[in-house]
1. Please go through the range 1-33 and pick out each residue that is closer than 24 Å to Met96 by Cβ and assigned to a loop (DSSP other than H, G, I, E, B).
2. Answer yes or no as to whether Ala134 is aliphatic (A, V, I, L, M), modelled with pLDDT of 95 or more, outside any loop (DSSP other than H, G, I, E, B) and open to solvent by 40 Å² or more (accessible area, probe 1.4 Å).
3. Taking the options Gly386, Gly373, Gly369, Gly348, name whichever one is within 22 Å of Asp285 (Cβ to Cβ), in a loop (DSSP other than H, G, I, E, B) and at pLDDT below 95.
4. Would you mind finding the one in Ala10, Ala34, Ala44 that is touching a Gly at 6+ places or on another chain (Cβ under 7 Å) and either surrounded by 19 or more Cβ atoms within 10 Å (Cβ to Cβ) or among the basic types (Lys, Arg) (or both)?
5. For residues that are charged (D, E, K, R) and within 15 Å of the ligand (Cβ to nearest atom), scanning just the range 274-308, find the one that is surrounded by the fewest Cβ atoms within 10 Å (Cβ to Cβ).
6. Given the residues Ile119, Ile148, Ile202, which is the only one that is open to solvent by 60 Å² or more (accessible area, probe 1.4 Å) and of a type in the set (Val, Ile, Thr)?
7. May I ask you to list the residues in the range 151-185 that are under 14 Å from the mean Cα position of the chain (by Cα) and open to solvent by less than 20 Å² (accessible area, probe 1.4 Å)?
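The values are calculated or read from the model by the stated rules, or taken from the named source; none is laboratory data. Not measured: the values here are computed from a predicted model. So basically every Cβ, Gly included, is an ideal-geometry build from the backbone, and we count neighbours across all protein chains shown. Surface accessibility is based on the protein's heavy atoms, side chains included, excluding ligands, DNA and RNA. Shrake-Rupley method; radii C 1.70, N 1.55, O 1.52, S 1.80 Å.
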Amino acid sequence: MQFWLNKEIALVVGGGIAACRVLDLIRGLKSQGAGVSVIGTPAATRFVTPLTFQAISGRPFHGDLFDPTLEGGMDHIRLAREADLVIIAPATADLMAKMAHGLANDLASAMLLARKGPILAAPAMNVAMWEHPATQRNVTTLARDGVIFCGPDSGSLACGEEGAGRLATVDTIIETARRLLEAKPLAGRQILLTAGPTREEIDPVRYVSNHSSGRMGWGIALAALRAGARVTLVHGPVHLPPPLGAQTIAVTSAREMYTAVIDLWEQHHASQTLDAAIMTAAVADFRPVARSPEKIKKNGSSSLSLELEANPDILLELGKRRLAANPDRRQPVIVGFAAETGAALKRGREKMARKKCDLLVINDLLEEGAGFGVATNRVTVLNHLGQEEVWPLMSKDAVGARLIQTITTLLTTPVNGGVT
Ligand code: CTP
């Protein structure tokens with residue numbers, strides 16, 4: 001909510017069937033606090049009327065370059081200057097061709113030519129039109145001119161054909177727009193994250209696991225991406241769409257997660273390119289000693305004993321490897337999580353010392369609003385100086401944003417206050 005408050009968006013709507021979906025984009029931006037002024041091409045108003053744009057945006061619709069009622073006839077210059085961001089959706093083949101050639105014979109194209117700040121284009125059209133060399137040439141030209149593209153997605157198109165040409169989703173357009181405007185304190189930094197549960201198979205149909213949803217890790221990934229970092233997210237089985245722009249590696253068991261993380265750690269270690277490792281995954285501590293290749297049958301028995309053995313501890317291993325390679329430096333920053341049920345602070349302190357991390361985020365699963373399966377979390381953060389901070393109940397996205405701020409401070413503060 002905070003981010004979009006008082007941000008001004010000039011939304012240029014091209015003439016295509018996807019213009020109808022832009023109404024949801026206007027609603028989405030407005031609901032988060034942004035002001036949206038709609039500028040439509042003459043063709044756009046054949047799909048959605050000016051009155052509809054006006055009703056949904058809550059502002060006058062702009063469509064006429066030669067509107068005699070406007071003082072000085074400078075609407076295109078004013079709109080181009082005042083917006084924090086110009087979004088073109090749908091960016092049609094025709095509109096992009098005009099832009100690429102600097103044409104300005106209607107309000108939308110004149111405004112785009114007068115624009116000096118950032119422009120985000122979300123193309124949508126028939127697949128053959130999108131793939132046509134002329135369109136691709138224009139896209140290349142516009143990208144060179146600094147236009148940022150979002151989509152198009154692939155799938156079934158309004159014309160009945162299949163392929164690239166669908167307007168990106170509203171969520172993707174809004175998130176891409178946000179990232180264009182956000183400060184980037186972690187630009188050029190690399191973050192390795194684990195998230196979600198692991199599953200340890202008992203037989204082909206059963207497994208041992210836990211209630212982790214992955215949402216905490218997703219919240220951190222989103223915040224890190226917004227801060228400009230590259231994010232590699234190694235995750236267990238979750239029901240969440242991949243965070244926009246993250247490199248994701250899906251694994252099932254703790255051992256698979258261990259192998260994936262250690263491989264990445266070693267690759268980055270060789271090139272010294274890892275800045276932080278944040279281990280949020282609820283890794284199963286134990287796995288069945290033997291996985292039955294066939295479904296285990298009851299065979300009339302009244303009980304079943306399962307023998308379990310310990311899984312490798314990924315966080316512990318990273319702490320060890322960093323210490324062996326670099327006894328004096330706390331880089332990459334290592335962040336652990338601790339899920340406790342009672343005596344959380346005491347157990348957290350022990351865990352932090354044992355696993356040698358720089359930050360430990362503790363949540364007490366017995367507290368309301370904290371832990372697995374809920375969208376919020378209430379955490380206490382321990383740092384490498386032994387200090388503790390109690391954070392209030394927040395959404396997991398907000399905890400992620402604050403944690404990324406804390407890590408940014410550690411990474412950017414020189415020796416004394418920082419972690420080098
Ligand atoms: N962790 C890990 N690999 C494991 C177990 C845990 O990387 N095999 C990491 C988690 O991702 C988390 C931290 O260690 O960052 C603490 O996890 P937690 O389950 O709270 O602690 P455990 O080490 O499992 O200890 P205990 O179950 O005794 O509380």
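1. Passing the criteria: Gly14, Gly15, Gly16.
2. Considered against the rule, which asks whether it is aliphatic (A, V, I, L, M), modelled with pLDDT of 95 or more, outside any loop (DSSP other than H, G, I, E, B) and open to solvent by 40 Å² or more (accessible area, probe 1.4 Å), Ala134 comes out as no.
3. On inspection, the qualifying residue turns out to be Gly373.
4. Numbers: Ala10 fails: touching a Gly at 6+ places or on another chain (Cβ under 7 Å); Ala34 fails: touching a Gly at 6+ places or on another chain (Cβ under 7 Å).
Selected residue: Ala44, the only one of Ala10, Ala34, Ala44 that is touching a Gly at 6+ places or on another chain (Cβ under 7 Å) and either surrounded by 19 or more Cβ atoms within 10 Å (Cβ to Cβ) or among the basic types (Lys, Arg) (or both).
5. So, considering only residues that are charged (D, E, K, R) and within 15 Å of the ligand (Cβ to nearest atom), the one surrounded by the fewest Cβ atoms within 10 Å (Cβ to Cβ) is Asp285.
6. Ile148
7. Selection gives Ile173, Ile174, Ala177.
Listed here are the residues, each with its yes/no results for (1) surrounded by 15 or more Cβ atoms within 10 Å (Cβ to Cβ); (2) over 22 Å from the mean Cα position of the chain (by Cα); (3) β-branched (Val, Ile, Thr); (4) not assigned by TED's automatic domain parsing to the domain that holds Pro197.
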{"position": "Gly342", "(1), (2), (3), (4)": "no, yes, no, no"}
{"position": "Val361", "(1), (2), (3), (4)": "yes, no, yes, no"}
{"position": "Asp364", "(1), (2), (3), (4)": "yes, yes, no, no"}
{"position": "Phe372", "(1), (2), (3), (4)": "yes, no, no, no"}
{"position": "Val390", "(1), (2), (3), (4)": "no, yes, yes, no"}
{"position": "Lys396", "(1), (2), (3), (4)": "yes, no, no, no"}
{"position": "Ile407", "(1), (2), (3), (4)": "yes, no, yes, no"}
